1. Tell me which of A:Gln203, A:Val293, A:Gly343 sits at the most positive position along the dipole axis of the range A:194-348, charges placed on C-beta atoms (Lys, Arg +1; Asp, Glu -1).
2. Ranked highest first by average number of other Cβ atoms within 10 Å, how do A:29-40, A:432-443 line up?
3. Order these peptides, A:398-411, A:314-327, by their mean beta-carbon neighbour count within 10 angstrom, highest first.
4. Given Cα pairs under 8 Å that are at least 6 residues apart, what percent is the relative contact order of chain A?
5. Determine which residues of the range A:265-287 fall in the zone a paramagnetic label at A:Ile236 would reach in this model, i.e. backbone nitrogen under 18 Å from the point 7 Å along Cα→Cβ.
6. Please give the net charge around A:Pro266, taking every other residue with its beta carbon less than 13 angstrom from that of A:Pro266, where Lys and Arg add +1 and Asp and Glu add -1.
7. Whole angstrom only: what separates the Cα centroid of the range A:100-147 from the Cα centroid of the range A:219-275?
8. Once you have all Cα-Cα distances for chain A, histogram them in 10 Å bins from zero and send the whole-percent values.
Amino acid sequence: MSYSVLEALRSNPDHVRKVLTARRLDVSLVDKFLEVDARWRQLRREVDELRHTYNQLSREGAKAQPERRREIVEKARELAARLERVEKELEEAERLREEVLWSMPNLIHESVPICPEGVDSVPVRSWGVVKAAGDVAASLKGVEYVVVEKPPVGHADMAEVVLKMADTLKAGEVAGSRFYYLFDDLVWLDFALAIYALDRLTQRGFRPVIPPYMLKFDVIRRVLDFDTFKDAIYKIEGEDLYLIATAEHGIAAYLYRRDLVEEELPQLYVGWSPCFRKEAGAGNRDLKGIFRVHIFHKVEQFVYSLPEESWRWHEEITKNTEELIRDLGLPYRVVNICAHDLGAPAAKKYDIEIWYPAQGMYRELASCSNVTDWQAYRLGIRVTRKGMKREFVHTLNCTGLATTRTITAILENFQREDGVVEIPKALRPYLEPLKAAPKDYIYPRKRG
RNA sequence: GCCGGGGUGGCCGAGCGGCCCAAGGCGCGGGACUGGAGAUCCCGUCCCCGUCAAGGGGGCGUGGGUUCAAAUCCCACCCCCGGCGCCA
């Protein structure tokens, strides 16, 4: 068919080498592929030819008289043995070819920056006024800020010490590090943020969905790359099931092996799910609090689009999330991820980063990728165009709101000196119907 | 989890060891006919190799096996439907 990476490899290998260089990956992968591809095609032909003569024999045998048939059976036996050997070779070549092809990252869009050592992303735009302590403020450029005397309390201490609505110590004892208990107002906040995001996005035509939280190996291997798999994914002991690391995985799998017609696209989904991540590559980073944890909740946008429309959708879904964050009043910036830092599936990726005044830095809250046909190829999701042509669809994903992490941003950005946290106005309508939920402010709990 | 029924091309559906390199229908695409549409008639409509050729190969839920030969027989697994059990 027309998988863009395969096409590029065969018709323009130099371009693929450039992509690999930009991604800081091994360029020799291209020649490796061309080699295994050529061998596979060669063997494919040999096998087809052998089978042809074999089939002819077999058909002849069906009609032959008993005596002639014995002869044919004899010949067929010999041929079969030879076929088996070549078929084994073909099988091996095919396995190898797929392995190399599957290890290929996506091509990259021309607007993706190629960056020097130490630079992972390029700011595109920013919004909001950040609170910065003196020395931090000096380092900020192109961002509006107000200078504050001292940085506010970090989200972890806010949640656990000041508000007393989280317990990561007990969670650590019973489940391990990077787990948490959340209580009281923070629970309501998590739900309200989810419903806020779902409500806004469904108004824009996205279909709400709760996907399966686990997928079979054969499916999950098609929606993500090896690095994600080994660093992020939990396996269920004794079952062929893996916990999803994001709703994206479950939603992408929804159209597994589907053939669509043009009129069925685009398809917009907004999913909610818990996300399970091993955080194996994270080391000791962000061990405190609930910033980087094994389980969290997230609302996710997912788009299946026609190939020629995916770049427009990429901007669109990024703006959707910006708007959600802006209306909460959280200062953010959008960065364009450098080629070397893109995951294999993404042809381009924007991260949306929130300002964390206690940390004095922007931290990732959302991530929006155009995966083009990388996932669709692996999942076999195609669209039949007018005139009978068939192509792979494009898929895109973009965080709506990572609700658990959004809580940490709210705790740092909206806390007052007295330890009270102001609830963003946009969120209040979603807390209103809940009797026990806080409405305007979150007050520290009197007794732990 | 147990017992029973079932999974055939986009959909419906025949076939149940060689006459099937899967009938027929619907849908879809192209053409003929028409002033145009409909009806009718022809051709095409799973995947792969090949120059979108000639030609060839594979494919009947998935993976193994029996056989010179498997959609068809055997085994395992997956999924769907019905019944029982269990459960928020």
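1. In the range A:194-348, that residue is A:Val293.
2. The packing order, highest mean first, is A:29-40, A:432-443.
3. A:398-411, A:314-327
4. 19 percent
5. Counting backbone N atoms under 18 Å from the label point, the list is A:273-278.
6. Computed value for this residue: -3.
7. Cα centres, the range A:100-147 to the range A:219-275: 28 Å.
8. Whole-percent P(r) values from 0 Å outward: 4, 17, 26, 22, 14, 8, 4, 3, 1, 0, 0.
Every number here is computed from the coordinates shown, using simple stated rules; none is lab data. In this text, all values refer to a predicted model and were calculated from it rather than measured experimentally. All Cβ positions, glycine included, derive from the backbone under ideal geometry; neighbour counts span all protein chains shown.
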